[in-house]
Amino acid sequence: MPSNRYLSIWENGAFFEERPQWKGEGTAEAVIIGAGITGILTAHMLKKKGIDCILLESGRTASGQTRHTTAKITSLHGLMYDQLIKDFGKEKASLYASANEEAISQYASLIKDNGISCHFEKLPAYVYSTDDLLSIEREVEAAKECGILASFTDKTSLPFPVKGAVRFPEQAQFHPLEFLSVLAKSLTIYENSRVIGIEKDTVITKEGKVKAKHIILTSHYPFLITPGYYFARMHQERSYCLALKTPYSLDGTYKEDKKDGYSFRRFEDMLILGGGGHRTGENKTGGQYDSLRTYAKQYFPEAEEKYSWSAQDCQTLDGVPYIGQFSDQTPNWYIATGFHKWGMTTSMVAANLLSDMITGKENPYEQVFTPQRFKLTASITSLLDETKHSAVGLVLKKLKPVPQDLSAINPGSGRVIELEGEKVGIYKTKENQIFAVDPKCTHLGCQLEWNEEEETWDCPCHGSRFNYDGTLLDEPAGEPITRREFHEESPEAETIL
Ligand SMILES: Cc1cc2nc3c(=O)[nH]c(=O)nc-3n(C[C@H](O)[C@H](O)[C@H](O)COP(=O)(O)OP(=O)(O)OC[C@H]3O[C@@H](n4cnc5c(N)ncnc54)[C@H](O)[C@@H]3O)c2cc1C
Ligand code: FES
C-alpha cells in the first residue's frame, strides 16, 4: 500500500501526551478551534490574561501544517515591504514590521522565562536574488523606512553567487514541536474533536457542544462558508522540503526572492532545503521532490537525504494575514489565518492581538490585520485570479472531455475518467490495485486533481486534500470524499456507503 504522508524533520523530536475527545455539553469562557501554533499561542496568552479556554482539535495536537514548517522566525517575509508601502502606506507597513519584530523578541522571552529547550537560536535572515539587484535594493530601503535595521549585501554563505540580498539582523529559528509540546502541557485540549458548526455562542462537534463567550478559529483555512466568505478571498499553496545531512554551514536563514524559489536553514547536522512552491491542486505531473533533489545534488553533492516532506499555507488577496473579528455579524467570533508561509511570527502577532481584543485592550496592529479591510488596489488582481480558479474548478471541468479507458492510467498513477456518464477518480497502484473515489470536493464541490507526487486528490479551489482512498487530509473540507467499489472486468463504479 502506498504511503503519502511524509515525516518532517521535527516529528521524532517532540512528544504530545494524548488528550480525551470532547463529549457532551459544557461551557467555557473561550473556545479555540484548532491546536496548531496559532491556537496554542493564543490559548497561552489568554490564560496569562486570566481567560479560561479550551482547545478543540480535529486530530492530534500540532498535527496540522505547523508539523511541516521550516520554522524560521523572521519579519523578512520575502520581498514584502516595498509592496506594503505602495498598497497600504508607510504607517501601516511600519506597523506590520514592528508587530513581527516584537513577535521575535516575545519568542526569546517566552522561551527564556519558561526554560523551554527548543533549539532556539538568534541569527540573521536573508532574502536573496540571483538576477534582480534592483528589487533587493528597493526592499532594503523600504524595510529601513519601516524601521527595520535592514542592510544590503552581496556576500552570503550560500554555495552560489547572488546579485544581492536583504539582511535583517536578530532574527531566529527553532524546533517548533519541542517549543509547542512544552506550552501545550498546561492547556486544556480535546483531541479528535472536529468542529462541524458554530451557532451564535455554541461550538458544535460530532460528539457534543460547548457554549462560550468568545470563539476563536485557528483551524488554518476556516471550514465555515458563511459568514466571512473566506473561500472567496483565500487559496492555499504547497511547498516541498528535504533535510540533508551535510556539514555545509550557513550563517543565517535564506529565502530566494521568487515566490516558488528556494529556502535554506540549518538544524543540527542537517540543512533544510525548501522549494517547488505551487498552488494546491496544480501538481498533476509531480516532479517537485525530484527537482529539489537535482538542485541539492548540484550544490551539496556529498549530502545524504534524511527527510522529505511537504506542507501548504493560506494566501490572502493582499499578502497580509486576516487576524481579528471573524465577520461584522459575529462580534464574539475571532479568526487568525492567511499567513503566506510566515506563520511563526504572525501566529505570535495573532495570539497578542486576539487576546488583547478579547480582554478589551487596545492594540495598534488591529487596523493592519483586520479581516474586514478590503484594499481594492492591493486585492483586485488576486480577487480576479481567485474567481478564475474557482470557476475552472467548479464549471469548466464539467465541460472538459475526460478519457474513458482505464488502460490510459499507468500503474502508480491516477486520473479522473468517465464511467456511464459519471466522473470517477481512479488511482491504480503499482501492483494494479484500483482505488476509486467520487472526485468532487466536499467543501464546495470543485473537481479534484490527482497529485501524482503525493498520491492524493487535491482541490485547486481552496486547497482541501484527500488521500487516494478518500480520507480527508487537509481542510477547509470537513468530510472525506466518497469511496467507490470498482470492478475492472465490468467497469462500473458503485458508491460504498
Ligand atoms: C513548506 C512550508 C514551510 C514553512 N516555513 C515557515 C517558516 O520557516 N517560517 C514561518 O514563519 N512560517 C513558515 N511556514 C508557515 C507556517 O508553518 C504556518 O503558517 C503555520 O504553521 C500555520 O499554523 P496554524 O496553527 O495556523 O495552522 P495548523 O498548524 O494547520 O493548525 C490548525 C489546526 O486546526 C485543526 N483543525 C482544522 N480544522 C478543524 C476543525 N474543524 N475542528 C477542530 N480542529 C481543526 C488542524 O487539525 C490543525 O491541527 C511554512 C509553511 C510551509 C507550507
Ligand atoms: S477546497 Fe473549496 S471546493 Fe475544494
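Go through the stretch 311-317 residue by residue and turn each phi into a ³J(HN,Hα) via Karplus (6.51, -1.76, 1.60, θ = phi - 60°); whole Hz please, and just put x for glycine and proline.
After applying 6.51 cos²θ - 1.76 cosθ + 1.60, I find 7, 9, 9, 8, 10, 8, 6 Hz.
When 1/r is averaged over all different Cα pairs and the result inverted, which Kirkwood radius in Å belongs to the stretch 165-205?
14.3
I need the calculated FRET efficiency for the pair SER105 and THR202, taking r as the beta carbon distance and R₀ as 35 Å, to the nearest 0.05. Intermediate values should be presented prior to the final figure.
Details: r = 38 Å, r/R0 = 1.08.
That pair, SER105 with THR202, gives E of 0.40.
Post the alpha-carbon centroid distance, the stretch 235-304 to the stretch 54-124, in whole angstrom.
20
On the accessible surface of the chain, probed at 1.4 Å, how many percent belong to carbon and sulfur atoms?
The computed percentage sits at 50.
Among PHE168, PHE374, what's the order by accessible area (1.4 angstrom probe), most exposed first? Each step should come with its number before you reach the end.
Working: PHE168 0, PHE374 110 Å².
Putting PHE168, PHE374 in descending order of accessible area: PHE374, PHE168.
Could you run the Karplus curve 6.51 cos²θ - 1.76 cosθ + 1.60 with θ = phi - 60° over the stretch 463-469 and give me ³J(HN,Hα) per residue in whole Hz, x for Gly and Pro?
Listing the rounded values in order: x, 4, 9, 9, 5, 4, 9 Hz.
Quick check: pseudo-label points 7 Å beyond the Cα along Cα→Cβ at ASN12 and SER186, how many nm apart are they?
3.2
Can you list the residues of the stretch 158-189 with backbone N under 18 Å from a point 7 Å past the Cα of LEU149, pointing along Cα to Cβ?
Output list for this probe position: 166-173.
As a test of the definition: which semi-axes, in Å, follow for the chain when you take the square root of five times each eigenvalue of its alpha carbon gyration tensor? Largest first, please. List each step's numbers first, then the result.
Values: eigenvalues 239, 171, 100 Å².
Its equivalent ellipsoid spans semi-axes of 35, 29, 22 Å.
For the chain, what is the calculated [θ] at 222 nm in deg cm²/dmol (nearest 500), taking -39500 (n - 2.57) for each run of four or more DSSP H residues and dividing by its residue count?
Calculated from helices alone, the mean residue ellipticity at 222 nm is -7000 deg cm²/dmol.
Find the accessible area per residue for the stretch 406-495; the probe is 1.4 Å, ligands and nucleic acids are left out, and the unit is Å².
Working: 3450 Å² over 90 residues.
Averaged over the residues of the stretch 406-495, the accessible area is 38 Å².
Can you tell me, using C-alpha contacts under 8 Å and at least 6 residues apart, the relative contact order of the chain as a whole percent?
On the way: 1111 pairs, mean separation 82.9, N = 497.
Worked out over the chain, it gives 17 percent.
List the Cys residues of the chain that have no partner Cys with a C-beta closer than 4.7 Å.
CYS53, CYS118, CYS146, CYS241, CYS314
For CYS446, enumerate residues with amide H under 5 Å from its amide H, sequence gap 5+ or separate chain, H modeled in the peptide plane.
CYS441
Take each complete run of DSSP H in the chain, measure how far its Cα atoms stretch along the helix's own axis, and keep only those covering 30 Å or more with mean Kyte-Doolittle hydropathy at least -1.0; list them.
90-113
Would you please calculate the Kirkwood hydrodynamic radius of the stretch 406-495 over all C-alpha pairs and express it in Å, rounded to one decimal?
12.8
Apply the Karplus parameterisation 6.51 cos²θ - 1.76 cosθ + 1.60, with θ equal to phi minus 60°, to every residue of the stretch 273-283 and state each ³J(HN,Hα) to the nearest whole Hz, in sequence, with x for glycine and proline.
Karplus values, whole Hz, x for Gly and Pro: 10, x, x, x, x, 7, 4, 4, x, 10, 9.
Starting from the Cα-Cα distance between HIS278 and THR226, subtract it from 0.36 nm times their residue separation and give me the gain in nm to one decimal.
So the extension gain works out to 16.0 nm.
Order the peptides 417-428, 33-44 from the highest to the lowest mean number of other Cβ atoms within 10 Å of their residues.
Taking the mean over residues of other Cβ atoms within 10 Å, the ranking is 33-44, 417-428.
Would you kindly state how much longer the chain becomes between ASP328 and LYS49 on full extension, computed as 0.36 nm times their sequence separation minus their alpha carbon distance, in nm to one decimal?
97.9 nm
Which cross-chain or sequence-distant (5 or more) residues have an amide H under 5 Å from the amide H of THR456, H modelled 1.01 Å from N in plane?
Result for THR456 returns ASN451.
The values are calculated or read from the model by the stated rules, or taken from the named source; none is laboratory data. In this text the structure is predicted, and so the values were computed from the model without any measurement. Backbone-built Cβ (ideal geometry, glycine too); neighbour counts: all protein chains shown. Ligands, DNA and RNA are stripped out before the accessible areas are found, and what is left, the full protein with its side chains, is counted by its heavy atoms. Shrake-Rupley method; radii C 1.70, N 1.55, O 1.52, S 1.80 Å.
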